[in-house]
Amino acid sequence: MAKPKVAFYWCASCGGCEEAVVDLHEAILKVVEAVDIALWPVALDFKRKDVEAWKPGEVTVAFINGSIRTSEQVDWVKLLRQKCPVVIAFGSCAHLGGIPGLSNFTTREKTLANKYHNSPSVDNPDKILPQLETEINGYELELPEFLPAVYALDQVIEVDYYLPGCPPVPDLISAAVGAILEGKLPEKGSVLAPDKSLCDTCPQKDSKPEVMKIESFKRVADSSPDPDTCFLAQGYVCMGPATRSGCGELCIRGNMPCRGCFGPTSEARDGGTKMLSAIGSLLDTTTEEASERLAATMVDPLGTLYRFSLPTSILKQRLG
Amino acid sequence: MPEDSFEPRIVGFLCQWCSYTGADLAGTSRMQYPPNLRTIRVMCSGRVDPTFIVQALAEGADGVLIAGCHPGDCHYSEGNYRAMRRYPLLLKLLEQFGIETDRVRLEWVSASEGEKFARVVGEMTARLKELGPLNWKKRSAEYSGAA
Ligand code: SF4
Ligand code: FES
């Protein structure tokens, strides 16, 4: 039997997801043994016309990482969707919008101005911005459009499965590849990770006090948490209660509160408001004034609660 | 929309033990208050997950009222403290999304405070008329739509 063919593609991403594939170490040899890689821009030289020439279904699975920010990315993922029976959103950006999604906190215009006009290292006296079409020496040059906002993959094309994480961890990638090869994929639309909250698997969970009382919000930027005590109990916003497990608790073991890259479990529509509900209940206050004072010590709720998921949150972006 | 014809849509989450009864009293006592509130009866103000509030705003509400028993009087003893603790955090978050904090109001209304209930709804309606429609769904679709 011919080996199944798979494709890897990247959109607005940092390259970490590509790194995650390489991080499979020896396991990658097993993958390469079992499948043929038909597209992988970071490592192999394929062109768009090669993909256009694929027969439908010839390449079984497309792993797509990165969020969507340009018209070119939209074209590519639509093409891959058209060709591949299975599309997997790979990593937090494709799954939830990811870190680039924080750009939805501001407008396209401000983002462009920041990059091309106001950045201290930019010299652009004529305030030129990238144009879709430019004529230079008689040549027509084209650039993709910078879209109004950042999108998760399933806001642009239909997605069959999600591999969460920034980046996804080797165990989950191997398990997903195994499930594909054996034809044992779960129900369409599933996130290929456990559906329990991180607190359930956290090494710190036994240090959670019976009744948690947050007296003030702390940040790792200003102070260092005690590595043996639940972060939330210490006042560090740890997204564990509202985040899916499966990451191997890497951040927790590195003395870093969970930042939520796996997104919420299937029970929660919006990880940010879910977390807000959880921490709000834990504040050690009994009056409105004290609650306000305590709330004031939480720096940047939006960036903290939606670090990886702003584009797929209920409100999606700042307006006005 | 001309300002005077704008009728704000307010979603009200009322706890069934105090505030819902208070609203009922306002009704049975024939107190006048604007018809802008769509009431959702909940067991307790502590049950009002911030997700519900945000969802209401995202789907067309111009404002959201959460009303519960006075602190100390919650039927489940602590529920309204939860509501009270979450509220200022939620306002901070909404502000970052560009939503005026006056659109979301938390009030304590006992079963005998029909008058207070009518006043709160009146004040809130007036304030929302000043702020104008939120229109999140439409504005959001217009701004970022489908890619
Ligand atoms: S809140 Fe964070 S540190 Fe505490 S148990 Fe949950 S995941 Fe672990
Ligand atoms: S029952 Fe009324 S606020 Fe809890």
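Brief remarks follow.
- Considering only beta bridges that DSSP places wholly inside the range A:1-106, some 5 percent are antiparallel.
- Considering only the range A:66-167, percent of DSSP beta bridges that pair antiparallel, nearest 5: 65 percent
- Computed on the range A:1-156, with alpha-carbon pairs under 8 angstrom and 6+ residues apart, the relative contact order is 26 percent.
- Counting heavy atoms of the protein chains alone, B:E123 has an accessible area of about 80 Å² for a 1.4 Å probe.
- Per-residue surface analysis assigns A:C251 an accessible area of about 60 Å², computed on protein heavy atoms at 1.4 Å probe radius.
- Local electrostatic count at B:R105 - Lys and Arg +1, Asp and Glu -1, tallied over other residues with Cβ under 13 Å: -2
- Here's the list of aspartates and glutamates a cross-link from A:K78 could span, going by alpha-carbon distance under 13 Å and ignoring same-chain residues fewer than 8 apart: A:E52, A:D154, A:E158.
- Of the trypsin sites (Lys or Arg not before Pro) in the range A:1-77, those whose Cβ has at most 14 other Cβ within 10 Å and which sit in DSSP loop: A:K47
- Straight-line cross-link reach from B:K129 at under 20 Å between alpha-carbon atoms covers these aspartates and glutamates, not counting any fewer than eight positions away in the same chain: B:E3, B:D4, B:E7, B:E59, B:D62, B:E95, B:E100, B:D102, B:E107.
- Rounded to the nearest 20, the Cβ-based charge dipole of the protein assembly as shown about its Cα centre (Lys and Arg +1, Asp and Glu -1) stands at 660 debye.
- Neighbouring partner chain Cβ atoms per residue of B:50-58, average, 10 Å criterion: 5
- Annotation for A:A43 and B:Q32: the two label points, set 7 Å from Cα along the Cα-Cβ direction, are 7.6 nm apart.
- Ratio of Rg to Rh over chain A (Cα coordinates, Kirkwood Rh, two decimals): 1.02
- Mean separation of Cα contacts under 8 Å (6+ apart) over length of chain B, as relative contact order %: 36 percent
- A:D195 - accessible surface, heavy atoms, 1.4 Å probe, Å² rounded to 10: 80 Å²
- Estimated purely from DSSP H runs of n ≥ 4, each contributing -39500 (n - 2.57), the mean residue ellipticity at 222 nm for chain B is -13500 deg cm²/dmol once divided by its residues.
- Within the range A:98-138, the trypsin sites (Lys or Arg not before Pro) that combine a DSSP coil assignment with at most 10 other C-beta atoms in a 10 angstrom radius are A:K127.
- Extension gain for A:E145-A:K205 works out to 16.9 nm (0.36 nm per residue, less the C-alpha to C-alpha distance).
- Separation between Cα centres of the range A:137-155 and the range A:1-24, rounded to whole Å: 23 Å
- Two-decimal ratio, the range B:3-144, of alpha-carbon radius of gyration to 2.2 N^0.38 Å: 1.02
- Taking label positions 7 Å along the Cα-Cβ direction at both A:D126 and B:Q16, the computed distance is 7.0 nm, reported to one decimal.
- Test item: B:75-88 mean partner chain Cβ contacts at 10 Å: 5
- Exceeding the 29 Å Cα-Cα cut-off - candidates A:K188/A:K213; A:K184/A:K208; A:K188/A:K274; A:K127/A:K218; A:K47/B:K138: A:K188/A:K213; A:K184/A:K208; A:K127/A:K218; A:K47/B:K138
- Interchain or long-range residues, amide H under 5 Å from A:Y236's placed H: A:K218
- The range A:39-111 and the range B:86-147 have Cα centres separated by 38 Å.
The values are calculated or read from the model by the stated rules, or taken from the named source; none is laboratory data. These numbers were taken from a predicted model, which means no experiment stands behind them. Ideal geometry is used to build each Cβ from the backbone, glycine not excepted, and the neighbour counts take in all protein chains shown. Heads up: the accessible areas ignore ligands, DNA and RNA and are worked out on the full protein's heavy atoms, side chains in. Shrake-Rupley method; radii C 1.70, N 1.55, O 1.52, S 1.80 Å.
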